[in-house]
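Asker: So that we are looking at the same thing, I have put the structure below in structure tokens.
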Amino acid sequence: MTADIDLTAFFDATPSPYLVLDADLVIRYVNPACLRTIGRTEEELIGRHFFDVLPDSRGVRDDVEQNLKVSLHRLLRTGKPETVVLQRYDLPVPDRPGAFEERWWSVIHTPICGPDGSVKWIIQQVADVTAFVHSSRARQLSEESTEWAKSIAAELYARAGELHRLNQELRRAHAREQRVAVTLQEAMLSVPDLDRHTNIAVRYLPATTSLNVCGDWYDVVDLPPDRYAVAVGDVVGHGLHAAAVMGMLRSALSAVIRAIPSPAQALEILGLYARSVDGAMAATAVKVLIDTRGRLIIYSSAGHPPPVLLHSDGTCERLDQATDPPLGTREHHVPRPQAGLPYTPGDTLVLYTDGLIERRDEDIDAGLERLTTALAQDPTLPPDLLADALLARLDVAGGAPDDIALVIIHL
């Protein structure tokens with residue numbers, strides 16, 4: 001039987017320095033041994049781009065950055081392990097601003113690939129070999145470069161073998177969690193009422209660095225005889241915990257709207273419920289009620305990006321007149337706002353989560369402008385074709401750094 005290994009505990013306990021990068025080279029995990037070795041804290045590293053946290057080690061940073069970039073980008077391209085045999089990378093001296101201590105390292109980069117074969121994670125193992133470089137043995141070998149190279153190569157080969165075995169364990173653990181994640185997500189995003197709406201298209205794209213499971217969601221609820229409700233929401237975070245929280249909020253809102261067909265009141269109740277759910281604080285959601293007889297859209301938003309009403313002439317209206325803070329963030333209960341606007345048959349309503357429009361280092365208004373521009377290019381496309389075209393025009397058809405849920409309704 002395969003041992004049930006807690007891999008996080010393993011990394012935390014090992015004396016060897018490790019860190020884990022995602023495919024965007026953002027640091028997602030640093031083990032205690034690595035923190036002690038480089039003299040940094042988790043807060044200084046986690047969530048930041050790898051090359052943004054390299055100290056400005058005078059005279060060697062450019063060389064370090066170039067060598068590591070070549071190694072990492074080649075790994076992302078080939079999916080094969082990489083080694084940087086010997087690299088000088090000086091570290092700041094504690095309590096001496098501007099001073100650096102000479103340090104030498106050997107570095108191994110090992111990829112973990114997803115089911116599609118692309119690199120999802122990169123394990124970086126570093127070893128401080130400064131003492132060896134400065135030792136008398138190293139000086140003795142300085143004139144025997146071939147033997148020196150063989151010595152380093154043998155050492156790295158042994159480490160690569162150890163890391164390969166660990167990588168195999170990680171692959172098996174990742175595959176197990178992947179199967180659980182996909183099954184859970186499919187069950188929680190099941191929308192029976194959606195099957196009765198040929199006028200609605202939905203798309204769900206997990207973050208490219210996640211386990212194909214996330215905290216974004218959508219829902220469609222029929223309210224006979226001539227109304228139906230649509231919701232889109234976003235729970236902070238990724239992974240199984242975010243998906244579990246998403247399932248609880250989605251189910252609660254779906255139940256409430258059946259009893260209280262008012263978007264504002266439904267979100268009020270959901271906000272109170274969110275305060276009792278661990279991980280639900282600051283989740284966002286938008287709820288719309290479509291009255292087909294009165295040709296009216298009634299909506300309320302809890303900190304969510306505004307839906308867009310696309311008219312057949314290509315003009316767009318944002319549903320941004322009833323926006324309130326995210327779920328569970330108010331200390332005291334306050335009624336949520338609600339607004340309505342009429343629609344014309346042939347209009348299209350677009351609901352989405354922020355992964356569709358947000359980009360790093362860019363104002364959200366720029367993302368909203370990009371969305372409306374993309375929608376206006378062909379306002380008469382049917383929902384399924386418009387959904388695919390929109391994802392392509394916004395360059396997220398293959399996924400994005402954040403999760404995406406998208407609902408397109410032909411009114």
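The values are calculated or read from the model by the stated rules, or taken from the named source; none is laboratory data. Everything numeric in this text was worked out from a predicted model, so none of it was measured. Positions of Cβ are generated from backbone atoms using ideal geometry, with glycine treated the same way; all protein chains shown enter the neighbour counts. To get the accessible areas, we keep the full protein, side chains included, count just its heavy atoms, and leave off ligands, DNA and RNA. Shrake-Rupley method; radii C 1.70, N 1.55, O 1.52, S 1.80 Å.
Asker: Could you tell me which numbered condition G367 fails, if it satisfies all but one of (1) under 24 Å from H311 (Cβ atoms); (2) in contact with an Asp or Glu (Cβ under 7 Å, 6 or more places away or on another chain); (3) open to solvent by 60 Å² or more (accessible area, probe 1.4 Å)?
Answerer: Going through (1) under 24 Å from H311 (Cβ atoms); (2) in contact with an Asp or Glu (Cβ under 7 Å, 6 or more places away or on another chain); (3) open to solvent by 60 Å² or more (accessible area, probe 1.4 Å) one by one, G367 breaks only (3).
Asker: Restricting to the stretch 361-381, give me the number of residues that are part of a helix (DSSP H, G or I) and either modelled with pLDDT of 90 or more or small (G, A, S) (or both).
Answerer: Number satisfying all stated conditions: 11.
Asker: So is G355 in contact (Cβ under 8 Å) with a residue 24 or more places away in the chain and at positive phi or not?
Answerer: For G355, the condition - in contact (Cβ under 8 Å) with a residue 24 or more places away in the chain and at positive phi - is not met.
Asker: So S301 ticks every box in (1) more than 18 Å from V191 (Cβ to Cβ); (2) open to solvent by less than 10 Å² (accessible area, probe 1.4 Å); (3) in contact with a Gly (Cβ under 8 Å, 6 or more places away or on another chain); (4) not in a loop (DSSP other than H, G, I, E, B) but one. Which box is left unticked?
Answerer: With (1) more than 18 Å from V191 (Cβ to Cβ); (2) open to solvent by less than 10 Å² (accessible area, probe 1.4 Å); (3) in contact with a Gly (Cβ under 8 Å, 6 or more places away or on another chain); (4) not in a loop (DSSP other than H, G, I, E, B) applied to S301, the lone miss is (3).
Asker: Is it fair to say L249 is closer than 17 Å to A405 by Cα, in contact with a strand residue (DSSP E or B) (Cβ under 8 Å, 6 or more places away or on another chain) and free of Cβ contacts under 8 Å to residues at least 40 places away in the same chain?
Answerer: In short, no.
Asker: If you take the residues of the stretch 389-405 that are among the acidic types (D, E) and touching a residue at least 40 places away in the same chain (Cβ under 8 Å), which of them is most open to solvent (accessible area, probe 1.4 Å)?
Answerer: Among those that are among the acidic types (D, E) and touching a residue at least 40 places away in the same chain (Cβ under 8 Å), it is D402.
Asker: I'd like to check something: does the stretch 316-338 contain any residue that is more than 31 Å from the chain's Cα centre (by Cα), open to solvent by less than 40 Å² (accessible area, probe 1.4 Å) and of a type outside the set (D, E, K, R)?
Answerer: no
Asker: Right, here's the next one. Any residue at all in the stretch 193-214 that's among the hydrophobic types (A, V, I, L, M, F, W, C), crowded, with 23+ Cβ neighbours inside 10 Å and free of Cβ contacts under 8 Å to residues at least 60 places away in the same chain?
Answerer: So far as the stretch 193-214 goes, yes, one or more of its residues are among the hydrophobic types (A, V, I, L, M, F, W, C), crowded, with 23+ Cβ neighbours inside 10 Å and free of Cβ contacts under 8 Å to residues at least 60 places away in the same chain.
Asker: Looking at V288, is it touching a residue at least 12 places away in the same chain (Cβ under 8 Å), open to solvent by 10 Å² or more (accessible area, probe 1.4 Å), among the aliphatic types (A, V, I, L, M) and in contact with a helix residue (DSSP H, G or I) (Cβ under 8 Å, 6 or more places away or on another chain)?
Answerer: Values: touching a residue at least 12 places away in the same chain (Cβ under 8 Å): yes; open to solvent by 10 Å² or more (accessible area, probe 1.4 Å): no; among the aliphatic types (A, V, I, L, M): yes; in contact with a helix residue (DSSP H, G or I) (Cβ under 8 Å, 6 or more places away or on another chain): yes.
Judged against the criteria, V288 is not a match.
Asker: Is there a residue being open to solvent by less than 30 Å² (accessible area, probe 1.4 Å), among the β-branched types (V, I, T) and over 22 Å from L406 (Cβ atoms) anywhere in the stretch 277-285?
Answerer: Yes, because at least one residue in the stretch 277-285 is open to solvent by less than 30 Å² (accessible area, probe 1.4 Å), among the β-branched types (V, I, T) and over 22 Å from L406 (Cβ atoms).
Asker: In the stretch 29-45, is there at least one residue being within 15 Å of A127 (Cβ to Cβ), at pLDDT 75 or above and open to solvent by 60 Å² or more (accessible area, probe 1.4 Å)?
Answerer: Checking the stretch 29-45: at least one residue is within 15 Å of A127 (Cβ to Cβ), at pLDDT 75 or above and open to solvent by 60 Å² or more (accessible area, probe 1.4 Å).
Asker: Mind listing whichever residues of the stretch 346-369 are in contact with a strand residue (DSSP E or B) (Cβ under 9 Å, 6 or more places away or on another chain) and either under 22 Å from Q265 (Cα atoms) or of a type outside the set (S, T, Y) (or both)?
Answerer: Within the stretch 346-369, G346, D347, L349, V350, L351, Y352, T353, D354, G355, L356, L368 qualify.
Asker: Just one of T353, T344 is hydroxyl-bearing (S, T, Y) and under 24 Å from the mean Cα position of the chain (by Cα); which is it?
Answerer: T353
Asker: Turning to a different aspect of this structure: Being closer than 21 Å to P325 by Cα and open to solvent by less than 30 Å² (accessible area, probe 1.4 Å) is the filter here, so list the residues in the stretch 230-246 that pass it.
Answerer: V230, A231, V232, G233, D234, V235, A242, V245, M246 - these are the residues of the stretch 230-246 that are closer than 21 Å to P325 by Cα and open to solvent by less than 30 Å² (accessible area, probe 1.4 Å).
Asker: Please work out if R293 is over 31 Å from the mean Cα position of the chain (by Cα), open to solvent by 30 Å² or more (accessible area, probe 1.4 Å) and modelled with pLDDT of 90 or more.
Answerer: yes
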